[in-house]
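Everything below concerns the one structure shown next.
The values are calculated or read from the model by the stated rules, or taken from the named source; none is laboratory data. For clarity, every value in this text was computed on a predicted model and none was experimentally measured. Here the Cβ positions follow ideal geometry from the backbone for every residue, glycine too, while neighbour counts run over all protein chains shown. Please note that ligands, DNA and RNA were not included when accessible areas were found on the heavy atoms of the full protein model with its side chains. Shrake-Rupley method; radii C 1.70, N 1.55, O 1.52, S 1.80 Å.
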Amino acid sequence: MKIGYFAIGLGPLTNPDRVRTVASSAERLGFSTLWAPEHVVLLDRFASKYPYSSGDFPVPTDTPIADPFTTLAFAAACTKRIRLGTGICLVPEHNPLVLAKTVATTDLLSKGRLILGVGIGWLEEEFQALGVPWERRAQRTRETIDVMRKLWSEDRSAYDGEFVKFDSVRSFPKPANGKSVPVWFGGESGPALRRVAESGDGWIGFNLTADQAATKIERIEELLKANRRERSDVELAVSPYTKPIKTDDLKRYRDAGADEVALVVDVPPTEGEMVKRLEQMARDFVEPAAKL
């Protein structure tokens with residue numbers, strides 16, 4: 001089992017020195033993945049409900065949230081092996097051709113370490129501020145993924161969809177492997193799990209206990225079979241987020257079918273304390289997980 005760290009590019013971890021320290025320390029200590037979130041803007045007043053709480057966003061709305069791809073590219077320059085994931089990228093807020101270029105470039109600069117974690121968004125007011133339609137965002141997300149996979153793998157591409165239309169375009173550079181970037185879908189709803197099974201390379205589930213994760217993963221496995229895909233076709237990560245977790249819980253997540261547990265940790269005030277926190281996390285979780 002792998003252990004990921006969530007999140008860089010948020011709050012104090014938008015500071016370049018702190019990002020460098022966390023990224024290099026996490027790699028040295030054997031963490032699997034660094035995750036970076038995305039919000040272009042937040043609003044002081046909104047009616048939308050944050051899905052992982054009573055509805056309130058868990059941090060003040062003036063909390064810095066850096067661009068995830070810029071943050072991950074910086075982290076890539078500070079590391080050599082650790083994977084780098086968007087947790088998650090709000091895909092329907094982006095122009096598909098621009099996003100394809102950004103993702104491919106970040107993957108190339110990291111030498112193939114990028115995971116594109118994908119979400120359809122929860123904050124309707126953010127979409128309104130960006131001038132992006134809220135309606136049919138799930139369908140736009142699917143189409144955007146299709147478009148990007150074509151642009152990443154083809155020398156010359158054309159597309160005639162509901163939301164995207166172009167003919168005979170070239171998009172370079174390609175991702176590091178010349179073909180694609182792993183696409184992991186986030187979300188815990190029925191439609192989110194169907195996206196994983198139909199076209200995902202992975203899943204990142206949030207705010208789940210081991211028992212809750214087992215139920216979601218069992219459903220993903222059923223849907224994979226219905227889509228004539230193998231369990232080995234996808235990698236499944238779970239974040240306990242606000243749920244408490246102890247070392248003994250790792251086996252329960254493993255037994256539930258999780259390949260990675262992504263831990264969310266409060267950031268101490270100094271770099272030295274941050275390194276000590278990561279070292280303790282490595283003793284409590286990274287090292288025991290590696291033995292499972």
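The residues in segment 82-122 that are of a type outside the set (K, R) and part of a helix (DSSP H, G or I) can be counted, and the count is 16. The set of residues in segment 123-155 being aliphatic (A, V, I, L, M) and part of a helix (DSSP H, G or I) consists of A129, L130, A138, I145, V147, M148, L151. Looking at S180, S171, which is the one that is touching a residue at least 12 places away in the same chain (Cβ under 8 Å), under 20 Å from the mean Cα position of the chain (by Cα), farther than 30 Å from S53 by Cα and assigned to a loop (DSSP other than H, G, I, E, B)? So the residue among S180, S171 that is touching a residue at least 12 places away in the same chain (Cβ under 8 Å), under 20 Å from the mean Cα position of the chain (by Cα), farther than 30 Å from S53 by Cα and assigned to a loop (DSSP other than H, G, I, E, B) is S180. Look at (1) over 14 Å from the mean Cα position of the chain (by Cα); (2) surrounded by fewer than 21 Cβ atoms within 10 Å (Cβ to Cβ) and you find that H94 fails only one, number (2). The set of residues in segment 73-82 that are open to solvent by 50 Å² or more (accessible area, probe 1.4 Å) and either within 18 Å of the chain's Cα centre (by Cα) or among the aromatic types (F, W, Y) (or both) comprises F74, R81.
Would you be able to say whether some residue in segment 13-27 is under 27 Å from R140 (Cα atoms), open to solvent by less than 30 Å² (accessible area, probe 1.4 Å) and polar (S, T, N, Q)? For segment 13-27, residues under 27 Å from R140 (Cα atoms), open to solvent by less than 30 Å² (accessible area, probe 1.4 Å) and polar (S, T, N, Q): absent. Looking across segment 246-292, the residues that are touching a strand residue (DSSP E or B) at 6+ places or on another chain (Cβ under 7 Å), open to solvent by less than 40 Å² (accessible area, probe 1.4 Å) and on the phi < 0 side of the Ramachandran plot come down to L250, Y253, A258, E260, V261, A262, L263, M281, F285, V286, A289. Annotation note: Cβ proximity below 6 Å between a residue of segment 16-39 that is hydrophobic (A, V, I, L, M, F, W, C) and a residue that is part of a strand (DSSP E or B) and open to solvent by 20 Å² or more (accessible area, probe 1.4 Å) (sequence gap 6+ or interchain) occurs for W35/F6. From the list E230, E235, the one residue that fits, being within 24 Å of D146 (Cβ to Cβ), without any contact (Cβ under 8 Å) to a residue 60 or more places away in the chain and touching a Pro at 6+ places or on another chain (Cβ under 9 Å), is E235. Here is a check on your reading of the model: is E162 among the charged types (D, E, K, R), exposed (fewer than 15 other Cβ atoms within 10 Å of the Cβ) and within 15 Å of V147 (Cβ to Cβ)? For E162, the condition - among the charged types (D, E, K, R), exposed (fewer than 15 other Cβ atoms within 10 Å of the Cβ) and within 15 Å of V147 (Cβ to Cβ) - is met.
Looking across segment 192-247, the residues that are closer than 20 Å to L34 by Cβ and acidic (D, E) come down to D201, E235. Among residues of segment 90-114 that are more than 20 Å from D160 (Cβ to Cβ), those with a beta-carbon under 7 Å from a residue that is assigned to a helix (DSSP H, G or I) and open to solvent by 60 Å² or more (accessible area, probe 1.4 Å) at least six positions away or on a different chain give the pairs E93/L130. Here's a check for you: in segment 60-72, which residue that is more than 16 Å from N15 (Cβ to Cβ) and in a loop (DSSP other than H, G, I, E, B) is most open to solvent (accessible area, probe 1.4 Å)? Looking at residues that are more than 16 Å from N15 (Cβ to Cβ) and in a loop (DSSP other than H, G, I, E, B), I get P60.
Restricting to segment 44-54, name every residue that is open to solvent by 20 Å² or more (accessible area, probe 1.4 Å) and touching a Phe, Trp or Tyr at 6+ places or on another chain (Cβ under 9 Å). Break it down into steps so the answer makes sense when it comes.
Let us first name the residues in segment 44-54 that are open to solvent by 20 Å² or more (accessible area, probe 1.4 Å), namely 44-47, 49-54.
Across segment 44-54, the qualifying residues are F46, K49, Y50, P51, Y52.
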